[in-house]
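**Q** Got a structure here, written out as structure tokens. Questions coming.
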Amino acid sequence: GIQVEQSPPDLILQEGANSTLRCNFSDSVNNLQWFHQNPWGQLINLFYIPSGTKQNGRLSATTVATERYSLLYISSSQTTDSGVYFCAVRFGNEKLTFGTGTRLTIIP
Amino acid sequence: ETGVTQTPRHLVMGMTNKKSLKCEQHLGHNAMYWYKQSAKKPLELMFVYSLEERVENNSVPSRFSPECPNSSHLFLHLHTLQPEDSALYLCASSPGQGAGGYTFGSGTRLTVV
């Protein structure tokens, strides 16, 4: 099956800082999503981005499918950005495979 | 509110109890999923339903029994669980089994005592 690796595993930043989270995957995909899991466990869809670049407020994401990676950018971090960020990928009817996540902690 | 609603949010049950988790989606999606998230482990896919038919069962013990009466509702019936079944159970839906992004519910945090 597809392997999904995320880096870094943990990231601690001061409020206001910018960050880049990376997702590498081992095979072709036609579905890639970034999720944010808040401290209460809720998994929020941030981007559906099998290719290209999207932006939503302070967040943006870029997927380079030919090179099998995706990046999530968070600018001007806020404490509410804390939580675990998951990348998940799928090809065809295969199951959505999740990475192990990046735990982001924003310090006031 | 994400369009996928799960109840209850928290559940504590004894090993001899029978309980059910409920999931409802208001997105018009055709595929629904149950995932399990244990501490320090990746999300594990448990069951997949597409157009109300079960299409995948990832070697889940029979003490977990899913039910999909229609494309908007999904249940997970629980009986004689073990303490190691304590976890966050997440429901998700997608437009089709092989199409579109997934939308997750808020999850049910289950504790088996």
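What follows is calculated from the coordinates using simple rules that are stated; it is not laboratory data. The model shown is predicted, which means the values in this text are computed figures rather than measured ones. Neighbour counts run over all protein chains shown; Cβ positions are idealised from the backbone, glycine included.
**Q** Report the Rg/Rh value for chain B, based on alpha-carbon coordinates and the Kirkwood definition of Rh.
**A** Ratio of gyration radius to Kirkwood radius for chain B: 0.94.
**Q** Give, in nm to one decimal, the length gained when the segment between residue A:94 and residue A:69 is fully stretched (0.36 nm per residue of separation minus the Cα-Cα distance). Intermediate values should be presented prior to the final figure.
**A** Values: separation 25, 0.36 × 25 = 9.00 nm, distance 1.86 nm.
That works out to 7.1 nm of additional length.
**Q** Test of the criteria: in segment B:28-89, which GluC sites (Glu not before Pro) are in a DSSP loop and have at most 16 other Cβ atoms within 10 angstrom of their Cβ?
**A** Hits after loop and neighbour filter: B:52.
**Q** At 0.36 nm per residue, minus the direct Cα-Cα distance, what do residue B:15 and residue B:84 gain on full extension? Give it in nm, one decimal, please. It would help to have the intermediate numbers written out before the result.
**A** Working: separation 69, 0.36 × 69 = 24.84 nm, distance 1.07 nm.
Extra length available between residue B:15 and residue B:84 comes to 23.8 nm.
**Q** Sticking with this one: Sorted from largest down, what three extents in whole angstroms do the Cα atoms of segment A:19-64 have along their principal axes?
**A** Taking max minus min along each principal axis of the Cα atoms, segment A:19-64 gives 33, 22, 18 Å.
**Q** With Rg and the Kirkwood Rh both taken from Cα atoms, where does Rg over Rh land for chain A?
**A** Numbers: Rg = 13.2 Å, Rh = 13.8 Å.
Ratio of gyration radius to Kirkwood radius: 0.96.
**Q** Tell me, in nm to one decimal, what length is gained between residue A:78 and residue A:58 on full extension, where the rule is 0.36 nm per residue of separation less the Cα-Cα distance?
**A** 6.2 nm
**Q** Which chymotrypsin sites (Phe, Trp or Tyr not before Pro) does segment A:1-107 hold that lie in a coil by DSSP with at most 15 other beta carbons within 10 Å?
**A** Passing both the DSSP loop test and the Cβ count: A:40.
**Q** Could you pull out the trypsin sites (Lys or Arg not before Pro) across segment B:1-60 that fall in loop regions by DSSP (anything but H, G, I, E, B) with no more than 10 other Cβ atoms inside 10 Å?
**A** Within segment B:1-60, the qualifying trypsin sites (Lys or Arg not before Pro) (loop, at most 10 other Cβ atoms within 10 Å) are B:40.
**Q** For residue B:77, what charge total do you get from the other residues with a beta carbon under 14 Å from its beta carbon, if Lys and Arg give +1 and Asp and Glu give -1?
**A** With Lys, Arg at +1 and Asp, Glu at -1, the neighbours total +3.
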